[in-house]
Amino acid sequence: MNKFSLQILLLLFLTITPFSNPQAQSRVDNILINEAERITRDTFTFSTETPRGAHVFAVNKPTSKMLNSIDAGLADLFTVALRNNYSKRLNYSDYTIFIAKADRGKNNANQYSPDIAIGAAQYAGSVYDQGGFIYAAGMVLAFSPCAFVIAEHTKDFQRVSEVVRFEGEHIVLYHNHRKHYNKTADHSQGGGHPILQ
Ligand SMILES: [Zn+2]
């Protein structure tokens, strides 16, 4: 490469970079938001970040308790991931969390359990099947970027941290231990959380 073409390249790089990144970012965000809205049938009007930098889209303005509990769940996830010598996707900013409307407030045992209703798919006919859909505490939406959906909580924020850690387990395994991910991704075949010790 001669000097002249290198200059052109640098010039192009400097010109394009500041503009293309935000556009690419918002395109990825739009794909994620569409997927989250398709699955939950909610509208995610609020966007913010947790104190430690995880991205959040929500149906209502998230409380600081919700945001801090998301951070606490990710902190637990990263701790257990490091213990297993995993190194990929262990930054808060790697994660996008959607906070959806709870489709139920209590579980079958009448305990506080804000969950989302999602299409049954591979859970059809299993113990989880509620007639074409299942209730889930959370669900992975995408692996790159790392995204999942949980339900809005007004109390029992410890549960928020747990759900975040548990959905995050699938994503961390996907990037760090694919074989183990494949074995543990589908709970209709048995097995639950925590997966990582
Ligand atoms: Zn799971």
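The values are calculated or read from the model by the stated rules, or taken from the named source; none is laboratory data. If you're wondering where the values come from, they're calculated on a predicted model, not measured in any experiment. All Cβ positions, even for glycine, are placed from backbone atoms using ideal geometry, and neighbour counts span all protein chains on display.
Remark: pairs (first residue in region 130-148, away from the ligand (no atom under 16 Å from the Cβ); second residue of a type in the set (S, T, N, Q) and at pLDDT 90 or above; Cβ separation under 8 Å; 6+ apart in sequence or on different chains) = Pro145/Thr96. Of everything listed in (1) more than 30 Å from Ser26 (Cα to Cα); (2) exposed (fewer than 15 other Cβ atoms within 10 Å of the Cβ); (3) away from the ligand (no atom under 11 Å from the Cβ), the single unmet condition for Arg178 is (1). Residues in region 181-197 that are closer than 26 Å to Gly125 by Cβ and either assigned to a helix (DSSP H, G or I) or away from the ligand (no atom under 11 Å from the Cβ) (or both): Tyr181, Asn182, Lys183, Thr184, His187, Ser188, Gln189, Gly190. Pairing residues of region 165-192 that are of a type in the set (Val, Ile, Thr) with residues that are away from the ligand (no atom under 12 Å from the Cβ) and in a helix (DSSP H, G or I), at Cβ distances under 6 Å and at least 6 apart in sequence or on separate chains, gives Val172/Ala81. When restricted to residues that are surrounded by fewer than 19 Cβ atoms within 10 Å (Cβ to Cβ) and either in a strand (DSSP E or B) or of a type in the set (Lys, Arg) (or both), region 33-82 contains 9.
Of all the listed residues (Tyr128, Tyr123, Tyr112), the sole one being at pLDDT below 95 and in contact with an Asp or Glu (Cβ under 6 Å, 6 or more places away or on another chain) is Tyr123. Residues that are of a type outside the set (Val, Ile, Thr), over 20 Å from Arg104 (Cα atoms) and in contact with a strand residue (DSSP E or B) (Cβ under 9 Å, 6 or more places away or on another chain) within region 154-186 comprise Gly168, His170, Tyr174, His175, Ala185, listed in sequence order.
Please verify whether Ser87 is part of a loop (DSSP other than H, G, I, E, B) and more than 14 Å from the ligand (Cβ to nearest atom), treating the condition exactly as stated. For Ser87, the condition - part of a loop (DSSP other than H, G, I, E, B) and more than 14 Å from the ligand (Cβ to nearest atom) - is met.
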